[in-house]
Structures are given as C-alpha cells and as structure tokens.
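The values are calculated or read from the model by the stated rules, or taken from the named source; none is laboratory data. This one's a predicted model, so the numbers in the text were calculated from it and none came from an experiment. Backbone-built Cβ (ideal geometry, glycine too); neighbour counts: all protein chains shown. For the accessible areas, the whole protein counts, side chains as well, though only heavy atoms, and no ligand, DNA or RNA atoms are used. Shrake-Rupley method; radii C 1.70, N 1.55, O 1.52, S 1.80 Å.
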Amino acid sequence: SSGINAEYYKIVCKMRLVQFSHKDSPSYLQFGVELDDGGNVVDLSHIAPNTLNFIRGGEYAIDVAKAHLQTSPPSIYGADIELDAPINGMDKVICIGMNYKDHVEELGAQMPK
C-alpha cells in the first residue's frame, strides 16, 4: 500500500529522515536516517533514492528500513557530511499563517473581508 497507517506513521516520525552529501562529493545527494541529533547517519539509498520516494514506499519501505537498522549497519560520521533539505523536488509549497489576525493587528491594518 502507498499510504501509511497510524502505527507506521509513529515509526516514521521517530526516524530522522535526512538527505545528505559527503563533504568530499557535495554534488551526490543521498538518503538516510540520522541516529542522533547532529550525529551519525546510516545511508538508506539502497531502499529509496530520496526522502519523498521513501515516504511514497509506505509500510513496505518502513519495514525494510527497520530491518536494515536492526542489523547495526555502518554509519557515516556526522562531521563528514552536509545535510540538505529533507525533501526537495516538490512542485507546491503550502503555508498556513496561524497568527495572521495577530499580525494584521500588530501592523495596525484592517482585516480583509
């Protein structure tokens, strides 16, 4: 299935999915999971080429990643990589201004009708 049920959603939220490049080859973007904040990264490019494709892989991709991580795979030292945007290649960006009313009032402007 291409969707992710609630249980798998919780697993993905606990994983810190990253896209990164090695400092010595910055033009080659890879996909992986960061083990600790600012820590080492395990390359998961053999599962999916990027974060978006991993998410699209749904439960199957998560199961494969979990199984791989349970084998204690080698990791890449965090200082040897540069993190990139977690997801790129999107065709839309949707923003929600939760404080829009407060911002309008702060500026002394009138709320549009």
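What number of residues in the stretch 29-40 are at pLDDT 80 or above and either open to solvent by less than 70 Å² (accessible area, probe 1.4 Å) or touching a Gly at 6+ places or on another chain (Cβ under 6 Å) (or both)? If you could, list the steps in order and put the result at the bottom.
Quick first cut of the stretch 29-40, residues at pLDDT 80 or above only: 29-35, 39-40.
The next check asks that each one be either open to solvent by less than 70 Å² (accessible area, probe 1.4 Å) or touching a Gly at 6+ places or on another chain (Cβ under 6 Å) (or both); those that pass are 29-34, 39-40.
Result for the stretch 29-40: 8.
Select, from LYS101, LYS92, LYS113, the only residue that is assigned to a helix (DSSP H, G or I) and either of a type in the set (Lys, Arg) or surrounded by 10 or more Cβ atoms within 10 Å (Cβ to Cβ) (or both). Even if it seems obvious, please write down each step before you answer.
Numbers: LYS92 fails: assigned to a helix (DSSP H, G or I); LYS113 fails: assigned to a helix (DSSP H, G or I).
Answer to the check: LYS101.
When restricted to residues that are touching a Leu at 6+ places or on another chain (Cβ under 8 Å) and not in a loop (DSSP other than H, G, I, E, B), the stretch 61-83 contains 2.
With the structure loaded, tell me whether GLY58 is modelled with pLDDT under 90 and loosely packed, with under 10 Cβ neighbours inside 10 Å or whether it fails that test. Steps first, please.
Details: modelled with pLDDT under 90: yes; loosely packed, with under 10 Cβ neighbours inside 10 Å: no.
So GLY58 fails the test.
If you scan the stretch 5-28, which residues turn out to be at pLDDT 90 or above and within 13 Å of the chain's Cα centre (by Cα)? Result: LEU17, VAL18, GLN19, PHE20. The sole residue among ASP84, ASP63, ASP91, ASP102 that is under 14 Å from VAL18 (Cβ atoms) and of a type outside the set (Lys, Arg) is ASP84.
Being surrounded by 10 or more Cβ atoms within 10 Å (Cβ to Cβ) and either among the aromatic types (Phe, Trp, Tyr) or free of Cβ contacts under 8 Å to residues at least 24 places away in the same chain (or both) narrows it down to one of ASP80, ASP63, ASP43, so name that one. Let's see the steps before the verdict.
Values: ASP80 fails: either among the aromatic types (Phe, Trp, Tyr) or free of Cβ contacts under 8 Å to residues at least 24 places away in the same chain (or both); ASP43 fails: either among the aromatic types (Phe, Trp, Tyr) or free of Cβ contacts under 8 Å to residues at least 24 places away in the same chain (or both).
Result of the check over ASP80, ASP63, ASP43: ASP63.
Based on what the data block shows, is ALA48 open to solvent by less than 80 Å² (accessible area, probe 1.4 Å), in a loop (DSSP other than H, G, I, E, B) and modelled with pLDDT of 95 or more? The answer is yes for ALA48. Scanning the stretch 22-40 for residues that are under 19 Å from GLY89 (Cα atoms) and either touching a residue at least 60 places away in the same chain (Cβ under 8 Å) or outside any strand (DSSP E or B) (or both) yields a count of 0.
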